[in-house]
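Structure first, commentary second.
The values are calculated or read from the model by the stated rules, or taken from the named source; none is laboratory data. These numbers were taken from a predicted model, which means no experiment stands behind them. Cβ: placed from backbone, ideal geometry, glycine included. Neighbour counts: every protein chain shown.
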Amino acid sequence: MENKMEWWKQTSIYQIYPWSFQDSNGDGIGDLKGILGRLDQIQDLGVETIWFSPFYRSPGEDFGYDISDYTAIDPRFGTMEDCDKLIKEIHKRKIRIVLDMVMNHTSDQHPWFLESKSSKENAKRDFYIWRKGTKRTPNNWISMVGTSGWNYDKTTDESYYSNFLSFQPDLNYRNPKVKKAMFDVLDFWLRKGVDGFRLDIFNSIYKDESFRDNPSSLRYFPTPDNHDEAFFQKKLYNLNLPESFQFAKEVRKHISKYKQKPFLIGEVSGSDKVLKSFLGEKADGLNLVFQFELIHFDYEANFFKELLEKNERVFPAPYTPTYVLGNHDQRRYIDRLGGDVRKAKVLSAFQFLARGIPVVYYGEEIARKEGKISSFFGKDPIAKMNRLVPLFLSNLLGIYINRDNCRLPMLWEMSQNAGFSKGNPWLPVGTFQPEDTVLHQKTNKDSLWNHYKALFHLRKGSVVLKEGSVRTKSSTHPDVLCFERVLGDKVVIVYLNFGETETQEVIPKGSKPLYQFGRTKELGGALQLGSHSGAAFLTKLKK
Ligand code: GLC
Ligand code: CA
């Protein structure tokens with residue numbers, strides 16, 4: 001008998017960006033009490049795992065991705081008591097909780113860094129990466145944001161390295177004390193019962209020991225799923241080091257002794273080969289990694305067919321693919337669809353019915369749209385670096401500069417600030433109609449919210465969708481994607497129409513409808529699929 005599949009291989013993930021979810025005290029910033037008050041709704045939606053972007057103590061220059069105390073809650077968001085309550089209340093609802101863990105760097109206000117930069121002799125000096133080099137930078141490494149990774153500090157006349165922004169100094173994992181300190185942090189949270197960690201830019205953890213220069217490349221812009229070559233550099237020596245692949249296994253081993261069977265999901269943005277190295281040859285590295293192909297989808301059946309087939313080829317079981325349509329760093333996918341909710345239904349159906357983990361970013365379930373804040377007025381540090389790049393130009397180039405736009409407050413109801421805050425929201429709520437809000441969409445059975453709800457619950461209740469294998473099938477029309485999920489003698493067969501025209505597909509005899517959306521109709525053994533519609537049926541494998 002095979003063991004039942006590990007829980008994290010079959011879960012669904014919902015990402016909450018604490019700044020923007022729900023404010024409870026009128027200061028305009030979302031907080032833990034606010035989230036507590038919304039847990040029943042998240043449960044109603046059917047979410048199985050919540051991933052929280054950071055709420056640790058932080059100066060907030062990068063909105064929490066610059067941590068100054070890993071075991072304290074930032075007062076903006078509440079207290080440790082609130083957090084303990086949050087963990088308890090989430091678990092009470094049979095939901096799992098995943099915290100964001102920024103292991104690569106701290107804030108430059110973290111006590112470790114303040115000590116480290118104070119003198120070359122300080123005990124924390126080697127917690128970070130310091131090199132000589134004043135006029136000339138120590139080597140040619142470019143950070144992930146396109147500037148030199150070296151930052152000169154006059155106190156000790158040396159430069160420290162940062163693979164992201166300069167106020168986010170990289171920790172030195174070649175120092176065993178750093179590893180130990182960070183494992184202590186993981187233990188702190190695991191003892192509180194958290195069920196896993198999302199590892200921020202884990203591809204950046206190790207840097208080349210001998211600081212070799214990176215070779216040049218012809219490529220300038222990075223893409224969401226590839227930072228390996230960017231800014232005219234092949235990032236051989238400051239990203240994706242073999243030591244980082246090895247470290248993935250170490251972290252996995254370290255956390256696996258906990259009884260909640262926690263998991264790791266890595267933000268490692270690289271080629272499939274790189275992703276696989278992080279997952280380990282024996283699937284003994286990071287449990288999961290984000291796969292960002294859907295961030296820049298082509299809305300065509302064939303794109304999704306090829307993606308499914310590729311994932312089965314490159315990441316067959318026991319590897320588990322992930323399907324990510326957006327997050328707090330990317331343009332919202334509904335805007336890529338020109339706001340077309342019918343198409344959003346097709347995409348999300350794909351995400352939930354394929355073999356793998358759907359990762360949903362708060363607001364996707366209500367088609368929460370992008371803001372239009374130009375980088376000139378941006379609060380996002382990336383926007384601040386690019387103040388003079390106008391929105392139309394960044395859109396034209398396909399680069400995303402002001403991440404404020406995908407972080408706007410959640411739209412709950414038709415009241416002041418859409419129910420997000422009674423104060424002045426940290427980012428504008430923008431204009432909205434009743435039908436844009438959760439409350440309204442709940443009452444409309446055809447709404448996107450109800451579609452997501454159906455999908456979350458469908459997966460939750462179907463062992464075939466959770467554990468079954470997947471194979472693509474041919475369809476009668478090129479706009480229709482057809483695939484099967486198979487477990488034992490049970491089969492779920494899925495049809496998704498990405499086209500404008502109505503098509504007809506043959507459905508196996510004796511199939512039982514599981515879920516349908518858009519204009520669909522069954523006639524005898526045939527299924528009529530209207531434009532941008534879909535259906536799933538349960539059937540038995542033919543002997
Ligand atoms: C990751 C986060 C992003 C953050 C950066 C630095 O990419 O998702 O929001 O700015 O790392 O921590
Ligand atoms: Ca607040």
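Here are the numbers:
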quantity	calculated
Residue within the range 436-453 that is more than 16 Å from ligand 1 (Cβ to nearest atom), under 20 Å from Thr11 (Cβ atoms) and out of contact with any Ser or Thr (no Cβ under 8 Å at 6 or more places or on another chain) present	yes
Residues located in the range 349-383, provided they are among the basic types (Lys, Arg) and surrounded by 24 or more Cβ atoms within 10 Å (Cβ to Cβ)	Arg355, Arg368
Test: residue in the range 38-54 that is more than 13 Å from ligand 1 (Cβ to nearest atom), out of contact with any His (no Cβ under 8 Å at 6 or more places or on another chain) and farther than 19 Å from Trp449 by Cα	no
Flag if Lys509 is surrounded by fewer than 20 Cβ atoms within 10 Å (Cβ to Cβ), modelled with pLDDT under 95 and not polar (S, T, N, Q)	yes
Where Lys117 falls short, out of the listed (1) under 23 Å from Ser204 (Cβ atoms); (2) within 16 Å of ligand 1 (Cβ to nearest atom); (3) not acidic (Asp, Glu)	(2)
Out of Arg125, Arg131, Arg96, sole residue that is touching a Lys or Arg at 6+ places or on another chain (Cβ under 9 Å) and of a type in the set (D, E, K, R)	Arg125
Hits in the range 74-105 - residues which are surrounded by fewer than 22 Cβ atoms within 10 Å (Cβ to Cβ), part of a loop (DSSP other than H, G, I, E, B) and among the aliphatic types (A, V, I, L, M)	Ile95
Filter result for Gly285 (at pLDDT 95 or above, assigned to a loop (DSSP other than H, G, I, E, B) and more than 29 Å from Ser244 (Cα to Cα))	no
Residue ID - nearest to Phe247 (Cα to Cα), chosen from residues in the range 121-165 that are surrounded by fewer than 20 Cβ atoms within 10 Å (Cβ to Cβ) and among the small types (Gly, Ala, Ser)	Ala123
Residue in the range 309-321 that is within 21 Å of the chain's Cα centre (by Cα) and at pLDDT below 95 present	no
Within the range 1-47, tally of residues that are surrounded by fewer than 19 Cβ atoms within 10 Å (Cβ to Cβ) and closer than 22 Å to Asp380 by Cβ	2
Verdict on Gln246 being free of Cβ contacts under 8 Å to residues at least 12 places away in the same chain, more than 25 Å from Thr71 (Cβ to Cβ) and more than 15 Å from ligand 1 (Cβ to nearest atom)	yes
